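The values are calculated or read from the model by the stated rules, or taken from the named source; none is laboratory data. Just so it is clear, the structure is predicted and the values come from calculations on it, not from any experiment. In this analysis, Cβ positions are derived from the backbone assuming ideal geometry, glycine residues included, and neighbour counts consider all displayed protein chains. These accessible areas exclude ligands, DNA and RNA; they are computed on the full protein's heavy atoms, side chains included. Shrake-Rupley method; radii C 1.70, N 1.55, O 1.52, S 1.80 Å.
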Amino acid sequence: MRLTQRQPRETGRDYALRTIKDNIIHLELAPGSMVSENELAAAMGLSRTPVREALIELSKVKIVEIYPQKGSAVALIDYDLVEESRFMRKVLECAVVELDCEMATPEDIRRLQENVRLQNFYLENYYPEALMDLDNQFHALIFEIAGITEGVRLAVHPLAKPAICKGIATDSAYEIDRNFFTAQNEHTLPSLMP
């Protein structure tokens, strides 16, 4: 299990939520695998309560399944839900990019271009985790530019991003997952702007 440092002022529940979700996204906790509250709590140095709360939160978005009196399991990938989420995200992001075209400053364009350059570097040099993190930052940035702060949650939600295939980030400059605004060619960004 991958553990990261607990952030200052981060509650046990939030730390457990972030850590468990990260491990699911990076397939350290594989789809269909049973997870033990006790083992997770011990690994993170927490009591069972924040771990249980995190698992309940993840079950609300269908990332974890809770079986009363039996335990919890990482949900199997629901391809219909992934496709529905991808569709909703694409529709939303197209509208957000239209706003970005009107609102983006030269500094915003520079930040987008820098992110895409780094994505291309990590894509060419096979660093899937760094690529996925940069892709999440890219999506969060397009929402930020449009002034839609709550959209960041959708931008980085694991079900809204069908980006993992056998542990490899599949978004590429060639739109492998049909996610239109991901890892675009760095020359595409200026063409989107008026």
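A few notes on this one:
- Sites residue 113 and residue 56, calculated FRET efficiency, Cβ-Cβ separation with R0 35 Å, nearest 0.05: 0.30
- In the assembled protein chains, residue 148 presents an accessible area of approximately 60 Å² (probe radius 1.4 Å).
- Using a probe of 1.4 Å on the protein chains alone, the accessible area found for residue 67 is around 90 Å².
- Residue 35 long-range amide H proximity, modeled H, under 5 Å: 72, 73, 74
- Overall, segment 1-150 carries a charge dipole of about 640 debye about its Cα centre when +1 sits on the Cβ of Lys and Arg and -1 on the Cβ of Asp and Glu, all other atoms neutral.
- Within the same chain, aspartates and glutamates fewer than 8 places from residue 62 are excluded, and of the rest, those with a Cα less than 18 Å from its Cα are 14, 22, 28, 37, 53, 78, 80, 83, 84.
- Taking trypsin sites (Lys or Arg not before Pro) across segment 1-95, the ones in a DSSP loop with at most 16 further Cβ atoms lying within 10 angstrom of their Cβ are 2, 9, 62, 70.
- Inter-label distance for residue 125 and residue 33, nm, one decimal - labels placed 7 Å from Cα along Cα-to-Cβ: 2.8 nm
- Extreme residue, positive dipole direction of segment 73-117, given options 101, 115, 85 (C-beta unit charges): 115
- Spatially, segment 18-54 and segment 88-149 are offset by 29 Å when compared through their Cα centroids.
- Relative intensity of segment 1-113 on a log10 scale, I(q)/I(0) at q = 0.12, 0.17, 0.23 Å⁻¹, equals -0.58, -0.86, -1.16, per a Debye sum over C-alpha point scatterers of equal strength in the absence of solvent.
- Using a Förster distance of 22 Å, the FRET efficiency for residue 92-residue 26 (Cβ separation, nearest 0.05): 0.30
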